[in-house]
1. Counting other beta carbons within 10 Å of each Cβ, put Tyr62, Tyr155 in order, fewest first.
2. When Lys and Arg each count +1 and Asp and Glu each count -1, what net charge do the other residues less than 12 Å away from Asp85, Cβ to Cβ, add up to?
3. So if I take the centroid of the Cα atoms in region 114-151 and the same for region 52-100, what is the distance between those two points in Å?
4. Can you tell me the dipole magnitude for region 112-220 around its Cα centre, using point charges on the Cβ only (Lys, Arg +1; Asp, Glu -1), in Debye to the nearest 20?
5. Do you know the relative contact order of region 82-199, to the nearest whole percent, from alpha carbon pairs under 8 angstrom that are 6+ apart?
6. How would Thr191, Thr80, Thr92 line up from fewest to most surrounding beta-carbon atoms within 10 angstrom?
7. Could you pull out the pairs from Lys78/Lys153; Lys137/Lys167; Lys122/Lys167; Lys97/Lys153 whose alpha carbons sit more than 22 Å apart here?
8. How big is D for region 55-219, in µm² s⁻¹ as a whole number, if Stokes-Einstein is applied with the Kirkwood radius of its Cα pairs at 25 °C and 0.890 mPa s?
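Just so you know, all these numbers are worked out from the coordinates, no wet-lab data involved. Being a predicted model, the structure only gives us computed values, none of them experimental. Using ideal geometry, Cβ is built from the backbone for each residue, glycine included, and neighbour counts are taken over all protein chains shown.
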Amino acid sequence: MRRGSVGAGLLLAACLALSVALVRRTDEQRAATARDEVLYLHSPALLRRLSLGHEGLVADLYWTRAVQYFGMRHHARKGTFPLLDPLLEIATALDPKLTVAYQFGASFLSPPPPDGAGQPEKAIELVEFGIRHNPEKWRLFYNLGFIYYLEMKDYARASEAFGRGAKVPGAHPFLRVLAAQTAEHAGEVETARLLWETTLESSTDPLVRENARTHLRGLQ
């Protein structure tokens with residue numbers, strides 16, 4: 001085996017060990033201070049240096065932590081998610097191409113408690129950051145318009161977001177329809193139904209699809 005290959009392998013192993021150690025350290029310190037949840041390593045710049053070129057790996061770890069954190073607190077009906085936005089910010093700062101973090105992270109942040117963090121403004125910031133780094137992803141524009149329409153009740157901005165997304169090559173044809181619908185029929189039940197139907201049709205994730213079905217049943 002070549003010396004360069006050995007060196008690369010040792011470096012990767014060291015990075016993996018470091019990443020695991022970072023997560024374990026956070027877990028241990030959190031357990032020691034169970035009353036107060038604290039994010040001990042909160043600087044993307046510091047984590048980027050510590051990752052030794054493996055930012056994507058560390059980003060995945062923080063995205064996984066965000067999902068677990070939200071899931072546990074949501075299951076426990078805590079109603080507050082103080083670490084959710086910082087975890088998502090770190091994950092996406094380390095890997096701006098981590099589009100799943102924008103799509104699902106926004107759905108965690110925007111709904112009111114106990115279904116979400118009740119932070120639609122943070123969700124918008126997150127998705128806009130994602131759009132700047134992934135302008136070819138039409139689903140991000142859909143997510144943005146969805147938040148503006150259903151959570152912020154800002155129908156003009158929702159229409160604008162859908163319109164921006166409609167211009168992306170390969171975008172879902174419904175984006176153009178939604179742009180017109182949200183502008184002309186702001187706040188109507190049928191428009192909300194159209195949004196959830198589009199979500200159900202365009203998503204392949206079973207949890208997202210079941211969430212859409214639940215909301216569609218609620219609109220009947």
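1. Ordered from fewest to most neighbouring Cβ atoms within 10 Å, Tyr62, Tyr155 come out as Tyr155, Tyr62.
2. Working: positive: Lys122; negative: Glu89, Glu121, Glu125.
For residues surrounding Asp85, the net value is -2.
3. Taking the Cα centre of each part, region 114-151 and region 52-100 sit 15 Å apart.
4. Values: 13 positive and 15 negative charges, 47 e Å.
Using Cβ point charges on Lys, Arg, Asp and Glu, region 112-220 gives about 220 debye.
5. Relative contact order, region 82-199: 17 percent.
6. Fewest-to-most Cβ neighbours within 10 Å comes out as Thr80, Thr191, Thr92.
7. Cα-Cα > 22 Å for Lys78/Lys153; Lys122/Lys167; Lys97/Lys153; rest within.
8. Translational D for this selection: 154 µm²/s.
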